[in-house]
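What follows is a set of notes on a single structure, which appears directly below.
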Amino acid sequence: MTHDHDLVLRPTPAQISAALNPPAGRIGGDLVVETLAGLGATTVFGLPGQHALGMFDALRRSSLRYVGLRVENNAGFAADAYGRITGEAAPLLLSTGPGALTSLAALQEAAAASAPVLAIGSQVPTAGLGGGRHGYLHELPDQAASFRGVVKSVHTVRTQSQIPSAIEAAWKSALSVPHGPVWVEIPQDVLLAPTSIPVVTGGDAFPEELAPRPELTAVAAHLLSGADRPAIIAGGGVVRSDASGKLRQLAELLRAPVVTTPGGKGAFPWTHPLSMQSWLEDRHTTDFLEDADVLLVVGSGLGELSSNYHTFRPRGRVVQIEADLGKLESNHPALGIHADARLALQALLETVRERQDDTAPERVRELLARVSQRIASQELTLEQDLLASIRRALPDDSPSFWDMTVLAYWAWSAFDPRTPNSMHSAQGAGGLGYGFPAALGAAAADPTRPVLAVSGDGGALYSIAELATARQYGLDVTWLIVDDGGYGILREYMTDAFGEPTATELTRPDYVALAESFGVPGVLTSARTLEADLAKALATPGPSVVVLPAVLRMFAPTHLEGERPDAGR
């Protein structure tokens, strides 16, 4: 009996001839780029370095498009966004030691947000591997150890014949749910040595699916079908698995209200009658979710932001669908279903019974009215008006990338992304500098629509060098910089906690003049003119910078001890 996986395709005479007579002038680096192309990659990000030059030399003999950034961490953010937008593994080429280590913060964000990034770094020559102190440039006793606590998997290559298999294994790891970053390292001498290995012409790029256990989805369907007050929390796993449509079908069958986490923005239509939007940092929403007799959590670990800073205490039964085994029941006891969100939601759609409940939309309207009343009582019209101006200026299908800044903290709760997989931020790991380089990666992924980046002036200084990247590649990104003279959110935190801030005030440049020095158009705007200036910049091809001087405030928290929904009145 013959099985499909036992079949081996016989090479043609032409393939045999090509394998026996590979092109002259190839080196180990060619095996890297050939494997990437064979797996389906079309674009790579990175920054060259001495030990990695074999990979970069091979790029000129390749069909791969290279987008080079000015700082390795920014290159990592760009690859992260490329992976989020396309769902493909985004290759990131780096050098040894300082170059590799500078990418770690970006890889941590990719891990937290389940973005598939395939980082390939060089290593010291093979003789220097193993922890000795040989004195090579960039040498670390164990470079791979620096990545093991950050990425999904680590792959060390020691010979040229290992390159295709190691990269293919890493590719599958990055794209296996939950998606995430992986690390491959290849010694300098392996990359530079001539090779007679045949040209890499293909690869198995399809990771295994993570289907739910049917007995668990059967129990979950029974619980949800019989619930009196079901509710759903939709996290980033719904977006990453392209399951927004299935989530909507299930919510409508169950008449279950849905709230999205910051990472799950766009997983459910903002204006749907069952949409609680994204007000998870509000005690009214927390109370609503605690009152659910069956709560379905899809693609979220119910971490700090998604649980109103761990004040959420569910009283009903929790059903949690999560592809990351480490997050399953990590914060609350649940019927835990280890599965890809899309496959698990499909299984539920096939087994749940339709519920009749005419009260759910009214309960959602009452909740949103209470949230709106709480925010309105705090006289925060400037912040709300700015978000509304951005929403009107930004085309519905254009993605936006938000740095860790006050306006982004507002956007997590109050911004309508309008389409799935269109709003992204660094809320996974919380590092500064994400917005602009990530937007560049998104523009490289899809040049047919403009991209918006939003940063504070503090975060902007992390990635100002990438204005040169934007100009060099003509990437269609409009960068909104909210200039409040410092680290605005930290200023608020310290003032609330200690009465006054320390180390939060910054001397900053003239951002408009600085942008123009890179050949990037810049404009100074105001709250009154923001919508028009932003719309004009987004409608003009190529990079641009819009600078808004404004000091913004956050809405009052409801998670602190003694705080209730009326806080701030």
Over the stretch 439-569, what number does the Rg to Rh ratio reach, with both radii from the alpha-carbon atoms and Rh per Kirkwood?
-> 1.06
Just going by the charge dipole of the chain, with Lys and Arg at +1 and Asp and Glu at -1 on Cβ, which of PRO557, GLN123, GLY486 is farthest out on the positive end?
-> GLN123
Dipole in debye (nearest 20) - the stretch 415-502, about Cα centre, beta carbon charges: Lys, Arg +1; Asp, Glu -1 | 340 debye
With charges only on Cβ, +1 for K and R and -1 for D and E, what is the dipole size of the chain about its Cα centre, in debye, rounded to 20?
-> 620 debye
Contour excess over end-to-end distance, with Cα ends at THR159 and GLU329 and 0.36 nm allotted per residue = 57.0 nm
Could you work out the relative contact order of the stretch 207-307, using alpha carbon pairs under 8 angstrom and six or more residues apart, expressed as a whole percent?
-> 33 percent
Relative contact order for the chain using alpha-carbon pairs under 8 Å, separation at least 6, rounded to a whole percent?
-> 13 percent
With a/c under 1.5 counting as rounded, go ahead and sort the stretch 165-317 into rounded, prolate or oblate using the C-alpha gyration tensor (a ≥ b ≥ c being the square roots of the eigenvalues; past the cut-off, prolate if a/b is larger than b/c, else oblate).
-> prolate
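Taking a ≥ b ≥ c as the square roots of the eigenvalues of the Cα gyration tensor of the stretch 138-239, is the shape rounded (a/c under 1.5), prolate (a/b larger than b/c) or oblate?
Details: a/c = 4.49, a/b = 2.41, b/c = 1.86.
Prolate.
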The chain: spread of alpha-carbon positions along the three principal axes, whole Å, largest first, is 74, 69, 45
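Given contacts defined as C-alpha pairs under 8 Å and at least six residues apart, what's the relative contact order of the stretch 250-388, whole-number percent? Can you show the working numbers first?
Values: 193 pairs, mean separation 33.4, N = 139.
Worked out over the stretch 250-388, it gives 24 percent.
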So how long is each side of the stretch 284-378 along the principal axes, counting just the alpha-carbon atoms, biggest first, in Å?
-> 42, 33, 22
Dmax and Rg, reported as Rg then Dmax, of the stretch 195-250 (C-alpha, Å) = 19.6, 68
Using the heavy atoms of the protein chains and a 1.4 angstrom probe, tell me the accessible area per residue for the stretch 129-214 in square angstrom.
-> 50 Å²
As straight-line cross-link partners of LYS265, the qualifying lysines (C-alpha separation under 25 Å, not fewer than 8 residues apart within one chain) are LYS152, LYS246, LYS327
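For a quick protection proxy, order the peptides 392-400, 30-38 by their average other-Cβ count within 10 Å, most packed first.
Details: 392-400: 18.8, 30-38: 25.9.
For the peptides 392-400, 30-38, the packing ranking is 30-38, 392-400.
Apply the a/c threshold of 1.5 to the C-alpha gyration tensor of the stretch 43-114 and tell me whether it is rounded, prolate or oblate. Before the final figure, lay out each step's value.
Details: a/c = 2.47, a/b = 1.24, b/c = 1.99.
Because a/c hits 1.5 or more and a/b fails to exceed b/c, the stretch 43-114 counts as oblate.
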Choose one of ALA376, PRO395, LEU345: the residue whose Cα lies farthest towards the positive end of the charge dipole of the stretch 339-411 (beta-carbon charges +1 Lys, Arg; -1 Asp, Glu; about the Cα centre).
-> ALA376
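Return the calculated 222 nm mean residue ellipticity for the chain, to the nearest 500 deg cm²/dmol, obtained by summing -39500 (n - 2.57) across DSSP H runs with n ≥ 4 and dividing by the residue count. It would help to have the intermediate numbers written out before the result.
Working: 23 runs with 214 residues, N = 569.
After summing the helix terms and dividing by residue count, I get -11000 deg cm²/dmol.
The values are calculated or read from the model by the stated rules, or taken from the named source; none is laboratory data. These numbers were taken from a predicted model, which means no experiment stands behind them. No Cβ is skipped: glycine too gets one built from the backbone with ideal geometry, and neighbour counts run over all protein chains shown. Note: accessible area is taken over every heavy atom of the protein model, side chains too, but ligands, DNA and RNA are not part of it. Shrake-Rupley method; radii C 1.70, N 1.55, O 1.52, S 1.80 Å.
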